[in-house]
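Values in this text are rule-based calculations from the coordinates and carry no lab data. What you see is a predicted model; the values in this text were computed from it and never measured. No Cβ is skipped: glycine too gets one built from the backbone with ideal geometry, and neighbour counts run over all protein chains shown.
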C-alpha cells in the first residue's frame, strides 16, 4: 500500500471524478469531492514525510521499468508542490458548497465537482510524473477541466474568458508538445532522468535549443509570465469565486514547477552554440511583470480583478528568484510559491465570502463592509498584509529571502525595484482597506456575516499565514534542501 | 535543393504550423479560430509521425523476414495527442455555442463591444 502512494496520489482524484458523477446530486457530490481531496492531501503529506527522511521515490507504472515504462518520480520539490496543490484544493472545497449555492445553478453543481476533481488529478499528475509526454497529457487534463470550471461562472463574460483561455492555453500546451517532440527526436527518450543524461551530449545542436525555446514559451503562457499574462486577469475575474481561490493557489504554481523542472533537471545548463542570457531574461521579464501588473492592479474598479493582476505580479517575484539563481534564489522562489499560495487563497477566499453575501466585489460596493462582515474583512486585511510582506506574516519571509538573494548577488538595483513592488502592493491593498473600514456604507441594509464553512476555511488560511510567518522551520528547511538538490543535480 | 526535397514533410509541418497560428491570431470569428487551432495542432502530429519513419523500415509487426522497423512510439504518442485535440475542439465549439446564445454573435470585435457597452 505505502509503496503505491505516488500513483494513488493521482489515481484517487482521477477515479473520484466519474464516481462523483455517479453519486450525483448536491451535497453528496460535495462531501465526496471534499473527502477525495482530503485523502489526496493526506497522501501528499505522507509522501513528503517519506521523501524528506528517505530520499527520492521512484515508482514504475505497471511494473515497466524506466526508461521504457512511465516513471513517477517524487523528490522534495514535487512532494512540496503536491502538498500545496492538494492542500489548497481541500481548503477551497471546504468552502465550495456555500459559495456555489449562490453562484451556480443546482443542476450544474455535480458537473462542477467532477471538473474540479479532474483538474486536481491533472495538476497532481503533472507534478508526480517523471515522463515528459505524460506532463503534456496531464497538462491538458487539468487545462480542459479548468476551462470548464471558468465557463461555469455567473456572467456571460465567463464564457468569453474561458474561450480566450482555451485558445491561449492550447497554444501553450502545443508549444510544449513541439518541444517534447524535438527532444524525443534528438534523444529517443521521454524519461526526464534519461533526458537529463542524454541531452548534454547533443547540447551543441540547435534542435535541442529550439526544443527548450518552445517549452519555455509554452510554459510561460501557462504561467502567465509577463508579457504572456493577458488571459489571467479575465479568467480569474470571471471564474466562480471559489474556483479562483483554488486556481490562484495552485495552477500557476504547477506551471512554475514545470519551468524549474525543465530548466534545472532536464536541460543542460548551457548550450554551446547559442549563449542565451537566461538569468537576465528571467529577471527583466519578472520585474517588469511585478511593476506593470502592480500598477494595473491599482487602477482596477473590481477588487477581484485587482487581486488577479497582483497574481501576475507575484509570479514575477518567483521568476525573479529563478533568475537570480543559485541555492538562495531558488529557495526564495520555492518559499514564495508556498507563501503566495497561502496569501492568495486567503484574499480570494475573503472575496468569495463577500461575493457570496453581496454578489459583487467592486470597490464601491464593499464600502462599509468592515462593520457588517468583520471576520471576513479582517481576514482580507491579514491576507493583504501578507501580500505586502509585513513582518510576522508569511509574505515577509519570502520577500526577505528574495531581497537577500538579490543583495548577495550584488544586484542592488533589483533590491530597490522589489521594494517598489511592495510599495505598489500597499497602494492597491490600502484602497480596499479604506473602502472596508473608512468609507460609510452606501445603504444601511443589514448584511449577514459569511457562511460558517467559508469563515472556517478563511480563518484556517489566515492562521496559516501568521503561523508560517513566525514558525518558518518547515517551509525554510524543505525549500533549502529542495533548492540544494536542484542545484547539485544540475549537470 | 536536396535539403528542400529530402525533408519535404518538415517543410509541410512548418507551413501548416504558421498557417494555423496565423489563423488563430488574425481571425475574429471564433469558429475560424478553432479551425486554425486544429491546423496548428495537426502540424505537430505530422512532425511526430515524420520522426517515427525510418528509411526502408516496415510497419512494426514482428516477422522473421524483416530486420528494420519504423519506430511505433511516436504514433502511439500522437494518438493520445489527437484525442486531446478532439476534446479541446469539442470543448471550444461548445463554448462557441454558449457564447452565441449569450451574446448573439461569434465575432470577437462585437463580443468585446457588447462587454464594454454594458
> How do A:432, A:254, A:390 rank when sorted from fewest to most other Cβ atoms within 10 Å of their own Cβ?
Replying inline: A:390, A:432, A:254
> Can you give the calculated 222 nm mean residue ellipticity of the protein assembly as shown, where each DSSP H run of n ≥ 4 adds -39,500 (n - 2.57) and the sum is split over every residue, rounded to the nearest 500 deg cm²/dmol?
Replying inline: -25500 deg cm²/dmol
>> For a protection proxy built on the mean count of beta-carbon atoms within 10 angstrom, sort A:84-94, A:451-461, A:470-480 highest first, please.
In response: A:84-94, A:451-461, A:470-480
>> Could you tell me the relative contact order of chain A? Use alpha-carbon pairs under 8 Å, at least six residues apart, and round to a whole percent.
In response: 15
> Tilt of helix B:30-52 relative to the longest C-alpha principal axis of chain B, in degrees (0 to 90, nearest 10)?
Replying inline: 10
>> Placing one identical point scatterer on every Cα of the protein assembly as shown and ignoring solvent, what is log10 I(q)/I(0) from the Debye formula at q = 0.05, 0.06 Å⁻¹?
In response: -0.21, -0.30
> Over all residues in A:172-179, what is the mean tally of Cβ atoms on other chains that come within 10 Å of each residue's Cβ?
Replying inline: 4
>> Can you compute the radius of gyration and Dmax for the stretch A:362-491, using only the Cα atoms, both in Å?
In response: 18.7, 65
> Simple spin-label model, 7 Å along Cα-to-Cβ: residue A:467 to residue A:205 in nm?
Replying inline: 5.0
> Would you list A:52, A:309 from fewest to most Cβ contacts within 10 Å?
Replying inline: A:52, A:309
> Using the alpha-carbon atoms, what tilt in degrees (0 to 90, nearest 10) does helix A:412-433 show relative to the longest principal axis of chain A?
Replying inline: 30
> How far apart, in nm, are the 7 Å Cα→Cβ label points at residue A:58 and residue A:3?
Replying inline: 1.5
> Taking a temperature of 20 °C and a viscosity of 1.002 mPa s, what whole-number D in µm²/s does Stokes-Einstein yield for the stretch A:275-380 with Rh from Kirkwood over alpha carbon pairs?
Replying inline: 142
> At each listed q (0.18, 0.26 Å⁻¹), what is the log10 of I(q)/I(0) that the Debye formula gives for the stretch B:24-117 modelled as equal alpha-carbon point scatterers?
Replying inline: -0.85, -1.23
> Hey, fewest Cβ within 10 Å first, where do B:82, A:43, A:429 land in order?
Replying inline: B:82, A:43, A:429
> If you take the square roots of the eigenvalues of the alpha-carbon gyration tensor of the stretch A:1-69 and sort them as a ≥ b ≥ c, do you get rounded (a/c under 1.5), prolate (a/b over b/c) or oblate?
Replying inline: oblate
> Relative contact order of the stretch A:1-151: what whole-number percent is it, with Cα pairs under 8 angstrom and at least 6 residues apart?
Replying inline: 31
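Can you give the relative contact order of the stretch B:1-117 as a percent, counting alpha carbon pairs under 8 Å and 6+ residues apart?
Relative contact order of the stretch B:1-117: 23 percent.
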> Rounded, prolate or oblate: which fits the stretch A:76-126, taking a ≥ b ≥ c as square roots of the Cα gyration tensor eigenvalues, rounded meaning a/c under 1.5, else prolate when a/b beats b/c?
Replying inline: oblate
> Mind checking the angle between helix A:5-23 and chain A's longest principal axis? C-alpha axes, 0 to 90 degrees, to the nearest 10.
Replying inline: 50
